Amino acid sequence: MGETDGLVNLDGGRPHPAAPELLRQLRRGEIGRRDFLRAASWLGVSGASAAAAVGLSACAPVQAPISKDTVRFVCAVQQMTDPALTTWIEASNLFRNCLEFLVEVDADNICRPFLAKSWRPSEDLKTWDFELRDGVRWSNGDAFTTQDVAFNINRWIAPNSKSVNRTAFAALTGIEVTGPLTFRLHLNRPVCSLPEQLYAFTCPMLHRDFERKGADWPKNPIGTGPFSLTDFQVGRQASFRRRDGYWGAPPTLAQIDYIDLGTDISTHVAALAAGQVDILYRVSVAELDLVHRLPQARLIRQQAAQTVVMRMQHDQKPYDDLRVRRAVQLAADNAQMLRLAYRGYGVVGENHHVAPFQPDYAALPAFKRDVAQARHLLAEAGHADGVELKLTLGNTQGRFEQDTAQVLQQNLAEAGIRLKLNVLPASEFWSVWDKTPFGLTYWAHRPLGVMALDLAYRSTSSWNESRFNEPKFDAGLDTAMGLIDPVARSKAMAGLEQILQDQAVMVQPYWAEKFTAVSPRVRNYRAHPSDYFRMDRVWLADA
Amino acid sequence: MRETLTDLARRAGGLALTMLVVSFLVFLTLELNVEGVAVKVLGQFSTPDQRHAWLSENGYLDPFAIRYLRWLADFVRGHWGTSTYYHEDILKLILPRLGASAILAGGALLVMIPMSLILGVAAGAKEGSALDRSISLVSIVTTSIPEFATAVFLSAVFVIGLGWLPGVSTMAAGLSLRELILPVSVLALASTGYIARMTRASMAEVMAQPYIRMARLKGASPARIILGHALRNALITPVTVIMLQIPWILSGVMVVEVFFAYRGFGTLLYQASLNADVYLVEACAMVSVLAVVVSQTIADLIYVRLDPRLAPGGGRHS
């Protein structure tokens, strides 16, 4: 018992050998408590035993009343024909009321059992055993079994799969069904964060007959979740009602109405002010003052690893010259962009796309702005009289993108770089986002820095928009993704961050906070850094 | 009679030709770049292989002229395709939205026409009076503020400040007059001033005519002069202006609908363009052009009726 220090796996057995080592690191002060809890949760260590080991008492579940209330939620109502192919997180927030996942990642980025009650990785992290919760039933009465899981996973990784899951689970070679409630996943390289990836918004469990019944989920909305879909009109509204016979605790709300009010957030705020809705999906930095003043609104803030990246393509002139890229990076004033374009609501970025609050972040020596050096490098590269560059952007998340680019324009002018801004409508921008030589792209939150790096800068990734191609970097990614030990992983990450910064792949000015507003009546609504909201514990207090 | 028929035929021909030219331009802008169409239909994260397969499956590798003619033939027969964003038949999607927008535009006209005519006649009946000056001032101010600014202003006052009116007009529980107040006011405010000014100018001009002076000399009461002698002639210009305002109202409807989240034709077109829903944008563009061209043709016809001098061949009789 001594060597496991009281840690047990979710299945009641001995924990993965790396888990007690993590605990010793925590006790030596090498890693933080949250790092420990997160890494232990990947390994399938029971949350209660991990919490007890660090001296926390497990949180009591919120005691919420079962009500007759309907909550009205402002959210884009988008098509969700095939949930595994969804490209919008908004759509996933609708089907999350009906469809559930094997694992849940909570707002603190800790993995919790969901449809899977336990998981256990092999010592080399290449074979993972999962056990499903017993007694889960689909809304049509069928039992939820490993057959359903196998159907979903085989679909994601099939060679003709159009789902982004195929890239996300590139290491997954297959699923082996070992019993009605047990299965095993085989990987070709170690991946320590596998459970976390199973909560990606494209990974809901669909019924095994999904394709046989027409592959159109809203037409045939079978799910294991606490609500059922009762109305669905794209661009207008969708309704979900509490369902009898749910396997877990019954949800507090009787009904959730999602109302599509278009893209203008000031309209959403007006609806909240007039009491026509209860929860807004998001407000932008431009509406903050208004929301602060409104008695009918409560502001919710959430730190998240979302950012804008102004990346340069390495195979395009003049960005094929490291000195030019470096000059852009040196002339940029990241702190000023944060202060002026995002009003200081965030954290300054360090031009390597890993956030200081992500668990695998490694601190590098501070990056200093140096306009004289930028001028010098430009002259060396043959642009003594300055150079003309063009930055393409699409304001896909709001006006702050353009504001940021305008600050950059001023910054670069000091170094003799004349930056032209090419502002496109958002939909136009999405057809050139990975083609334009110098572009500003919004990247959503990822729990781990390594996940964003793997998607955006691996030479073979289909989302590699900077055409960055560095074998040393790719190899470093493989290493970092297989390391469970946060200290070792952080060291590996330092190397990756340094490569990105030294190669001047991008100007990544800041990490932007998220905001939303709800009616003061709304209780227990929690922001989530990935915007994966769960509505089953929300309720409305009396006015 | 024969002249009227040939005139009608000529107008219909012109209408058809306009539509044809516009349809070609719409198709050219949206579908010349086939790669772009594939990205819009399959999404920005689709791979080049998927796009190529989709393009060849859907006949996009054919020459441009053939694709245009095929699209035109489908369009004329009412086969407008399926919206990629709404996943619905486009014709079925557009009709109720047009109805909703007609309610909004109709409501605006219903407020705007009587108000602007009354104000204009009142101001023009006595040019230079205090009443004339104050009406003109208010008209100029309201006309010069665009809809999006009026919408923000009214909603700041009546929704956020006073809390009297709903902030969005989704008509979720059926037609609600309360939800119509703000959008209709915004639309009416933008055009009332302009038409009032036009009516005023026309009225002032008529009031200066010799026959009005004659009536006054004969001792007719002011009410009799205005209603009996001046009004009919003074209305020719405003009625035409009102018809010419219809395209303006249509564009205003779009701004107002989006601002108040009103589910009409304007929001549909806006959503379609935001989501790069190519087929829906094409259909909406054609429908808007049709609405404008038809309303302008009607305006011409009304104008001719009010002023016989403009009728075809009318010059010979004068």
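Which numbered condition trips up A:PHE144, out of (1) more than 14 Å from chain B (Cβ to nearest Cβ); (2) farther than 30 Å from B:ARG97 by Cβ; (3) modelled with pLDDT under 95?
A:PHE144 satisfies every listed condition except (3).
For region A:419-438, give me the residue count where each residue is open to solvent by less than 40 Å² (accessible area, probe 1.4 Å) and either among the β-branched types (Val, Ile, Thr) or away from every other protein chain (no Cβ under 13 Å) (or both).
The qualifying residues number 3.
Search region A:409-456 for residues being in contact (Cβ under 8 Å) with a residue 60 or more places away in the chain and in a strand (DSSP E or B), and hand back the single one that is farthest from A:ARG489 (Cα to Cα).
Looking at residues that are in contact (Cβ under 8 Å) with a residue 60 or more places away in the chain and in a strand (DSSP E or B), I get A:ILE417.
Looking only at region A:169-195, how many residues end up being at pLDDT below 90 and open to solvent by 50 Å² or more (accessible area, probe 1.4 Å)?
Count: 2.
Residue-by-condition table, conditions (1) open to solvent by 40 Å² or more (accessible area, probe 1.4 Å); (2) under 29 Å from A:GLU100 (Cα atoms); (3) in contact (Cβ under 8 Å) with a residue 40 or more places away in the chain:
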residue: A:ALA249; (1), (2), (3): yes, yes, yes
residue: A:GLN255; (1), (2), (3): no, yes, yes
residue: A:THR267; (1), (2), (3): no, no, no
residue: A:ALA270; (1), (2), (3): no, no, no
residue: A:TYR281; (1), (2), (3): no, yes, yes
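Taking A:VAL277, is it within 11 Å of another protein chain (Cβ to nearest Cβ) and modelled with pLDDT under 90?
no
Return the residues of region A:285-309 that are open to solvent by 30 Å² or more (accessible area, probe 1.4 Å) and among the polar types (S, T, N, Q); say none if nothing qualifies.
Taking region A:285-309 first, the residues open to solvent by 30 Å² or more (accessible area, probe 1.4 Å) are A:286, A:289-290, A:292-293, A:295-296, A:298-299, A:301-303.
Across region A:285-309, the qualifying residues are A:GLN296, A:GLN302, A:GLN303.
For A:LEU229, only one of the following conditions fails: (1) within 10 Å of chain B (Cβ to nearest Cβ); (2) open to solvent by 20 Å² or more (accessible area, probe 1.4 Å); (3) hydrophobic (A, V, I, L, M, F, W, C). What is its number?
(1)
Tell me, yes or no, whether region B:84-97 has at least one residue that is modelled with pLDDT of 80 or more, open to solvent by 30 Å² or more (accessible area, probe 1.4 Å), under 30 Å from B:ALA190 (Cβ atoms) and in a helix (DSSP H, G or I).
Yes; the residues of region B:84-97 include at least one that is modelled with pLDDT of 80 or more, open to solvent by 30 Å² or more (accessible area, probe 1.4 Å), under 30 Å from B:ALA190 (Cβ atoms) and in a helix (DSSP H, G or I).
Just checking, how many residues over region A:25-56 are of a type in the set (Lys, Arg) and touching a residue at least 12 places away in the same chain (Cβ under 8 Å)?
So the count comes out to 3.
Each row is one residue, and each column tells you yes or no for (1) surrounded by 18 or more Cβ atoms within 10 Å (Cβ to Cβ); (2) closer than 30 Å to A:GLN276 by Cα.
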| site | (1), (2) |
| --- | --- |
| B:ALA223 | no, no |
| B:LEU227 | no, no |
| B:ALA230 | yes, no |
| B:ALA234 | yes, no |
| B:THR237 | yes, no |
| B:VAL241 | yes, no |
| B:LEU244 | no, no |
| B:VAL255 | yes, yes |
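Filter region B:149-176 for residues that are closer than 22 Å to A:VAL74 by Cα, more than 10 Å from every other protein chain (Cβ to nearest Cβ) and open to solvent by 60 Å² or more (accessible area, probe 1.4 Å); which is modelled with the lowest pLDDT?
Checked region B:149-176; the qualifying residue modelled with the lowest pLDDT is B:ALA173.
Looking only at region A:460-487, filter to residues that are open to solvent by 40 Å² or more (accessible area, probe 1.4 Å) and closer than 25 Å to A:ARG33 by Cα; which one of those is modelled with the highest pLDDT?
Within region A:460-487, the match that is modelled with the highest pLDDT is A:THR479.
Looking at B:VAL41, B:VAL76, which one is surrounded by 10 or more Cβ atoms within 10 Å (Cβ to Cβ) and away from every other protein chain (no Cβ under 14 Å)?
After ruling out the rest, the residue left standing is B:VAL76.
For B:LEU117, are the conditions met, namely being in contact with a Gly (Cβ under 7 Å, 6 or more places away or on another chain), part of a helix (DSSP H, G or I) and over 22 Å from A:GLY275 (Cα atoms)?
no
The values are calculated or read from the model by the stated rules, or taken from the named source; none is laboratory data. Worth saying up front: this structure is predicted, and the values here are computed from it rather than measured. Cβ coordinates were reconstructed from backbone atoms using ideal geometry, including for glycine residues, and neighbour counts include every protein chain displayed. Remember, those area values only see protein heavy atoms, side chains included, never the ligands or the DNA or RNA. Shrake-Rupley method; radii C 1.70, N 1.55, O 1.52, S 1.80 Å.
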